[in-house]
Amino acid sequence: MPHPLLTAPIGATLFRLAGPTTALMLVQVLVAVADAYFVGRLGMNALAGIALVIPFSTLMANIANGAMGGGVAASMARALGAGRLDDARAIVVHALGLALAFGLLFAALDRFAARSLFRWLGGDGDALAQALGFSHVWFAGAVAIWASAFLAALLRGAGDAATPSLYGLWASAFYIPMAGVLTLGVGGWPGLGLAGSAIASLVVATATALALARALLDGRLGFVPAFRGVRLRPEILGEILRVGGMGSLTTITANVTAMLVTGLVGRFGVSALAGYGVGARLEFMVAPVAFGIGSGLTTMGGIAAGAGRWRRAIRATWVGGATAFAVVGLIGWTVALLPDAWSRLFTSDDAVISVSVAYIRTVAPFYCFFGLGLVLHFASQGAGRMAVPVAAGVARLLVATVGGWMMVHHTDYGLAGVFAAIAAGLLTYGCLISGALLAAPWGGRESPKGR
């Protein structure tokens, strides 16, 4: 019997799969705004400190939820689309083992490398101390963050986007007041500064992971996982790691881009670094919107690919890509028209606001291409075709960083030139992924019913 998602209407199915996750991601945007507000109340050094950490914390979160998490979801979707129930049960066990391993790896990397990396990016003094105060706490709980991400990915891959989104909404509702109190304090207690925000993140990640584990044991995947008698199977690990590893390369490339650009901006002083951190938060806020839409395509594309329904996978991908282009573009252009109001949500320092406004006016109008490319990236995970997204990520890296370096060292454009190079990188990224899919659509052995 074919999987129900193979016969349901594409638009309605994508809305059902992407809707809950997108709603959660929009709430996460509000959470990020609240976080930025709390950090802004701590002063310029805290803003500069969190700007140093964001590329690394975002790296892990994006790999856990989008790259490796996408590999987990895609593997589950393809197994269920092909009717391989025993493989689906094995994927659960292998995914949890990988969550433990990756969580420990990132905790170790933070402990031994964070200080040197933050200094390389230009951090020193109180800004460096505050960055380390956040980083050492947040990464110490990395296993909980990875477990939460992979458990949610398993449910999404099985076609249940509502359960992880519902738990995520509850977690967000608890996180905001908890982070506010722990970061800024209450009454006569001064709070814990940036470390308070990290502690709040770990509390809600742990609670969410426990709730999602309970959902799996209750049969929300369409079956009850079996943990006894499941042996290590290299082909299962290979399937997850092949797609997740390629996705991780893209994620790492994007974060290397952010780190190198941060280094270029840091040459212009603390005010420039803080202003860039305020402006660049917009990119980290629109990315979750694209993730919400893309996660639905990972499931739809994976199930269709597992069943050999390639034409259906491609049609669904273009529907999702067009939606992301419109929604993310609307957000980008709206903020680009009101850059001063956006910047003043997070700081009142005129020098910081000036840099933030310059960044937003130059880069935000091109977020539509970023959203398009990111959604097609997630769709490619479901299809198991990741070569083009990796190449597009490298192209973005070269355009943004090499272009920015040339602007700084060989022109008089300075910081404005760096921002222009960032915008050109986003344009390159979206056009390469969409253009490649137009020129050479995915294909394979098509099911007789593959329409």
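I'm checking my understanding of the structure. Among residues of the range 230-254 that are open to solvent by 50 Å² or more (accessible area, probe 1.4 Å) and in contact (Cβ under 8 Å) with a residue 24 or more places away in the chain, which one is nearest to A280 (Cα to Cα)?
The first filter runs over the range 230-254 and keeps only residues open to solvent by 50 Å² or more (accessible area, probe 1.4 Å), leaving 231-232, 234-235, 241-242, 246, 249, 252.
If we keep only those that are in contact (Cβ under 8 Å) with a residue 24 or more places away in the chain too, we end up with 232, 241-242, 246, 249, 252.
Values: L232: 42, L241: 30, R242: 30, M246: 25, L249: 21, I252: 17 Å.
Only one residue tops the list, namely I252.
Can you say whether T257 is within 13 Å of the chain's Cα centre (by Cα), surrounded by 21 or more Cβ atoms within 10 Å (Cβ to Cβ) and of a type in the set (S, T, Y), as far as the supplied structure shows? Full working, then the answer.
On the way: within 13 Å of the chain's Cα centre (by Cα): no; surrounded by 21 or more Cβ atoms within 10 Å (Cβ to Cβ): yes; of a type in the set (S, T, Y): yes.
Considered against the rule, which asks whether it is within 13 Å of the chain's Cα centre (by Cα), surrounded by 21 or more Cβ atoms within 10 Å (Cβ to Cβ) and of a type in the set (S, T, Y), T257 comes out as no.
With G97, G122 as the choices, which residue is assigned to a loop (DSSP other than H, G, I, E, B), in contact with a Leu (Cβ under 9 Å, 6 or more places away or on another chain) and not acidic (D, E)? Walk me through how you get there before you give the answer.
Working: G97 fails: assigned to a loop (DSSP other than H, G, I, E, B).
Exactly one of G97, G122 is assigned to a loop (DSSP other than H, G, I, E, B), in contact with a Leu (Cβ under 9 Å, 6 or more places away or on another chain) and not acidic (D, E), namely G122.
Go through (1) assigned to a helix (DSSP H, G or I); (2) closer than 30 Å to A305 by Cβ; (3) modelled with pLDDT under 95 for F150 and report which single condition fails.
(3)
Applying the selection to the range 267-280, what residues are assigned to a helix (DSSP H, G or I), open to solvent by 30 Å² or more (accessible area, probe 1.4 Å) and either touching a Phe, Trp or Tyr at 6+ places or on another chain (Cβ under 6 Å) or not hydroxyl-bearing (S, T, Y) (or both)? Full working, then the answer.
First, pick out the residues of the range 267-280 that are assigned to a helix (DSSP H, G or I): 270-280.
In the following step, the residues that additionally are open to solvent by 30 Å² or more (accessible area, probe 1.4 Å) were identified as 270-271.
Once the filter is applied, which keeps residues that are assigned to a helix (DSSP H, G or I), open to solvent by 30 Å² or more (accessible area, probe 1.4 Å) and either touching a Phe, Trp or Tyr at 6+ places or on another chain (Cβ under 6 Å) or not hydroxyl-bearing (S, T, Y) (or both), the range 267-280 yields only V270.
So, restricting to helices (runs of 4 or more DSSP H) that lie completely within the range 351-451, which ones have at least 3 residues that are of a type in the set (A, V, I, L, M) and open to solvent by less than 20 Å² (accessible area, probe 1.4 Å)?
Working: elements: 367-383, 387-397, 403-410, 414-439.
The qualifying helices (runs of 4 or more DSSP H) are 367-383, 414-439.
Could you list, in sequence order, all residues of the range 24-64 that are on the phi < 0 side of the Ramachandran plot and in a loop (DSSP other than H, G, I, E, B)? Give the steps one after another, and end with the answer.
First pass over the range 24-64, keeping only residues on the phi < 0 side of the Ramachandran plot: 24-42, 44-64.
Matches in the range 24-64: L42 only.
So if I check each of G302, G308, which one is over 23 Å from T58 (Cβ atoms) and not in a helix (DSSP H, G or I)?
G308
If you scan the range 172-229, which residues turn out to be among the β-branched types (V, I, T), open to solvent by 30 Å² or more (accessible area, probe 1.4 Å), under 30 Å from I91 (Cβ atoms) and in a helix (DSSP H, G or I)?
We begin by selecting, within the range 172-229, every residue among the β-branched types (V, I, T); these are 176, 181, 183, 186, 199, 203-204, 206, 208, 224.
Still in the running and open to solvent by 30 Å² or more (accessible area, probe 1.4 Å): 176, 181, 186, 199, 203, 206, 224.
From what's left, under 30 Å from I91 (Cβ atoms): 203, 206, 224.
If the condition is that a residue be among the β-branched types (V, I, T), open to solvent by 30 Å² or more (accessible area, probe 1.4 Å), under 30 Å from I91 (Cβ atoms) and in a helix (DSSP H, G or I), then V203, T206 are the ones that fit.
Tell me which residues, restricted to the range 1-29, are open to solvent by 30 Å² or more (accessible area, probe 1.4 Å) and either farther than 26 Å from I176 by Cα or free of Cβ contacts under 8 Å to residues at least 12 places away in the same chain (or both).
Scanning the range 1-29 gives M1, P2, H3, P4, T7, P9, G11, A12, F15, R16.
Which residue pairs have Cβ atoms under 8 Å apart, sit 6 or more places apart or on different chains, and have a first residue in the range 419-437 that is among the charged types (D, E, K, R) and a second that is buried (at least 22 other Cβ atoms within 10 Å of the Cβ)?
Taking only residues 6 or more apart or on different chains, not a single pair turns up.
So how many residues does the range 375-392 have that are touching a residue at least 60 places away in the same chain (Cβ under 8 Å) and over 21 Å from G292 (Cβ atoms)?
Residues meeting the conditions: 3.
The values are calculated or read from the model by the stated rules, or taken from the named source; none is laboratory data. All figures in this text were calculated on a predicted structure; none of them were measured in a lab. Don't worry about glycine lacking a Cβ; one is built from the backbone with ideal geometry, like all the others, and counts go over all protein chains shown. Only protein heavy atoms, including side chains, enter the accessible area calculation; ligands, DNA and RNA are left aside. Shrake-Rupley method; radii C 1.70, N 1.55, O 1.52, S 1.80 Å.
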